[in-house]
Amino acid sequence: MTSVLEIKDLHVEIEGKEILKGVNLTIKQGEIHAVMGPNGTGKSTLAQAIMGHPSYEVTKGEVLLDGENVLELEVDERAHAGLFLAMQYPSEISGVTNSDFLRSAINASREEGDEINLMQFIKKLDKNMDYLEMDQDMATRYLNEGFSGGEKKRNEILQLMMLEPKFAILDEIDSGLDIDALKIVSKGINELRGPEFGSLIITHYQRLLNYIEPDFVHVMMQGKVVKSGGKELAERLENEGYDWIKEELGIEDETVEAE
Amino acid sequence: MENEFVINKDEILEASKAREESAFLTEKRTEALDKLNSLDMIKPDKTRVSKWDFFTVTDQFVESEAFGSIEELPQVVREVIDIETVENVIIQRNNTEAFVKLSDDLVSQGVIVESIFDAANNHPELLEKYFMTDAVQIDENKLTAYHAALLNGGVFVYVPKNVQVKDPIQMVVLHDDEKASLFNHVLVVADTGAEVTYVENYVTTLESGKGKLNIVSEVIAKDNAKIKYGAVDFLAKALVGYIVRRGVTGNDAVIDWALGLMNDSDVIYDNTTYLMGSGSSSDVKIVHVGRGNQKSNFTTEVIHYGKETTGNILKHGVMKDSASSVFNGIGYIKHGATNSDAQQESRVLMLSPKARGDANPILLIDEDEVVAGHAASAGQVDEIQLFYLMSRGLSRQEAERLVIHGFLAPVVESIPIESVKQLLTAVIEEKIVN
Ligand SMILES: Nc1ncnc2c1ncn2[C@@H]1O[C@H](COP(=O)(O)OP(=O)(O)OP(=O)(O)O)[C@@H](O)[C@H]1O
Ligand SMILES: [Mg+2]
């Protein structure tokens, strides 16, 4: 069965200020959606709210995964349901090794008695780290601690490849990556691409979309999706910027501050 | 006056005689008993101890049965010993020396590991030179005097010149008699160029106790000597006490401490290192989990007298329930200790709104040419870290557990015996979950 993630009229506040003002989006497994938009227009807010970040309060709307409202679930239950968020700024956790963490995370979504065995785990970890051209010692280092910006991003993709969620939201996975790393990370995401994987990729640059060709492109302004199209929309944005959309829609201030 | 006590001098001295203690120890007991009433009580900064009972001891000595072999050791003791590989271990059960195993190597190198009472008889010249002279004085305060007066256990470790002890020397104190009080004295001396790792563990099978704790450790590293001192205490509730662990370094000597202070009772801890010799150093790592209504005070001090000395204090505490702890860290650079370096870091993690943790870093500097620094923080578990871990599927409880383990890891990792490290991890686990 093809899973569907539906975001319906989502309104989100942070510290009493409304940031998302009615977002609608539907993503099916097998599809890649890109979300673009100027700084401060609510892209990360959308990602964090879907995953259940404690600072974001949903005041209206729903997020349905195959009809079930995930907003009623705890953060870990959302992960078990098949959601994954690669964060714009991943946390550093001291004292917990990357590989111990990954194994706990994999087992957390499995039934008791069905834990991944150590050999299987190591094989899978080795394979994915090879694929992402990561140094072996990254596995035994503490989770993200002292990782460079690019290493953190690569580590997010490693987690993605290990956990194999139904839907992945990738928030600026390309920021801070050098050209080679960008190719490698894209390769990782393309590896997952298929009928059992759907993704929402937040990015500022067409460059990433050259490697991961999106099926749909959306533009966010003022806390809403204001325009949607195919991959040609991203190309036009790269060449012309956002002014033409603002003109077309009569928007002066694109940020969420706008009334 | 609070904290008053009734003590029968004659009984104490009679017991000392009946046990055939060395004249030296009897002398020390007499001196302590004579001075007791005129001495001041301890005044730990920010903790009021006027209502604490440090003194009501019903039985100075309780007799316990010794163990015939390693197989006979109870589970709590077996857990802290690497049964398969342990080379050197001395076990004290309440106030009785209950088991000793020392490697042939150790004995042939001239290393002494004996109960404090045996050592006073067998090696008077050594013991008398160091017992309550350099590190801790009998007449410092009421509790140090009370310690000397009621001394009822402990161990003497002496490593001769240039001897490097390969395997750790482990001391385990089993508390399994409610009436027993622990007034242990530990004296570790590494002579010039010697090296040794000493680890002590306090374990219990009891839920509560009626006795008192008054433990003094003196750790002496002569020139170029190196001592690693590890301790993991897990004693029951209601063993109110005072634990003093102090070190004194010679030139270029090193004393490193790794202390897992996991007692469930109210305790005042004094951990002081006197960096006397030039070029000497001390690394102090302390970890504590407080729970229930427990009250503790950890005063950790490194005092720099020698030139080019280095002191590093790292303390991590986790506070649960209504537990309350004060973490005082003092780096004191005396006049003349040029080019010394005093660093410290105190971190407290609060798991409940009623828990209290005070981290007070203090730098006292009487010298210009020095380096010093401190960092301190007290706060809750970071919600963003929890969100990150939970977003990968870990439950809140598991995520918290990982964050707390990570928080304590820098200290736990420095414990020098693998079995003790594992046990400390398990105890932390148990304390966090329950
Ligand atoms: N913790 C917060 N407190 C107050 N305002 C916040 C907070 N977090 C986000 N905002 C505001 O919400 C708005 C949207 O932020 P968001 O991070 O969603 O933007 P974005 O589209 O991801 O931007 P960028 O492209 O720069 O990453 C911004 O105006 C931001 O300042
Ligand atoms: Mg963003």
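The values are calculated or read from the model by the stated rules, or taken from the named source; none is laboratory data. Everything numeric here is computed off the predicted structure, so don't read it as measured data. FYI the Cβ positions are ideal-geometry reconstructions off the backbone, even for glycines, and counts take in every protein chain you see.
Tabulated data
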{"read-out": "Residue match in the stretch B:215-228 (condition: among the aliphatic types (A, V, I, L, M), under 18 Å from B:N141 (Cα atoms) and crowded, with 24+ Cβ neighbours inside 10 Å)", "value": "yes"}
{"read-out": "B:I384 vs. criteria among the β-branched types (V, I, T), within 14 Å of chain A (Cβ to nearest Cβ) and surrounded by fewer than 20 Cβ atoms within 10 Å (Cβ to Cβ)", "value": "yes"}
{"read-out": "Residue, surrounded by the fewest Cβ atoms within 10 Å (Cβ to Cβ), within the stretch A:168-199, restricted to residues that are within 13 Å of ligand 1 (Cβ to nearest atom) and at negative phi", "value": "A:S175"}
{"read-out": "Hits in the stretch A:50-87 (condition: surrounded by 21 or more Cβ atoms within 10 Å (Cβ to Cβ) and of a type in the set (D, E))", "value": "A:D76"}
{"read-out": "Unique match (being surrounded by 15 or more Cβ atoms within 10 Å (Cβ to Cβ), away from every other protein chain (no Cβ under 14 Å) and among the charged types (D, E, K, R)) among B:D358, B:D366", "value": "B:D358"}
{"read-out": "Unique match (being touching a Lys or Arg at 6+ places or on another chain (Cβ under 6 Å), among the hydroxyl-bearing types (S, T, Y) and at pLDDT 95 or above) among B:S64, B:S103, B:S115, B:S108", "value": "B:S64"}
{"read-out": "Verdict on A:I201 being within 16 Å of ligand 2 (Cβ to nearest atom), at pLDDT 95 or above and within 14 Å of another protein chain (Cβ to nearest Cβ)", "value": "no"}
{"read-out": "A:F197 among the aromatic types (F, W, Y) and touching a residue at least 60 places away in the same chain (Cβ under 8 Å)", "value": "yes"}
{"read-out": "Matching residues, the stretch B:205-230, being of a type in the set (A, V, I, L, M, F, W, C) and either in contact with a helix residue (DSSP H, G or I) (Cβ under 9 Å, 6 or more places away or on another chain) or assigned to a loop (DSSP other than H, G, I, E, B) (or both)", "value": "B:L206, B:I215, B:V216, B:I220, B:A225"}
{"read-out": "Residue within the stretch B:392-399 that is of a type in the set (G, A, S), away from chain A (no Cβ under 14 Å) and over 25 Å from B:S324 (Cα atoms) present", "value": "no"}
{"read-out": "Test result for A:H53, in a loop (DSSP other than H, G, I, E, B) and modelled with pLDDT of 95 or more", "value": "yes"}
{"read-out": "The one condition in (1) buried (at least 20 other Cβ atoms within 10 Å of the Cβ); (2) away from ligand 2 (no atom under 14 Å from the Cβ); (3) away from every other protein chain (no Cβ under 11 Å) that A:F101 fails to fulfil", "value": "(3)"}
{"read-out": "Within the stretch A:164-198, considering residues that are under 13 Å from A:K153 (Cβ atoms) and within 14 Å of chain B (Cβ to nearest Cβ), the one farthest from ligand 2 (Cβ to nearest atom)", "value": "A:L170"}
{"read-out": "Selection status of B:S346, in a strand (DSSP E or B) and closer than 17 Å to B:G290 by Cβ", "value": "yes"}
{"read-out": "Cβ pairs under 8 Å, 6+ apart, first in the stretch A:33-55 and within 13 Å of ligand 2 (Cβ to nearest atom), second of a type in the set (F, W, Y) and not in a strand (DSSP E or B)", "value": "A:G37/A:Y242; A:P38/A:Y242; A:H53/B:F387"}
{"read-out": "Selected residue (criterion: nearest to the chain's Cα centre (by Cα)) from residues of the stretch A:57-88 that are under 26 Å from A:H204 (Cβ atoms), more than 10 Å from chain B (Cβ to nearest Cβ) and assigned to a strand (DSSP E or B)", "value": "A:V63"}
{"read-out": "Selection from the stretch A:21-51 of residues that are among the small types (G, A, S) and within 15 Å of ligand 1 (Cβ to nearest atom)", "value": "A:G22, A:A34, A:G37, A:G40, A:G42, A:S44, A:A47, A:A49"}
{"read-out": "The stretch A:1-37 - residue that is surrounded by fewer than 17 Cβ atoms within 10 Å (Cβ to Cβ), in a loop (DSSP other than H, G, I, E, B) and not hydroxyl-bearing (S, T, Y) and, of those, modelled with the highest pLDDT", "value": "A:G30"}
{"read-out": "B:V412 under 21 Å from A:A108 (Cα atoms), touching a helix residue (DSSP H, G or I) at 6+ places or on another chain (Cβ under 9 Å) and at pLDDT below 95", "value": "no"}
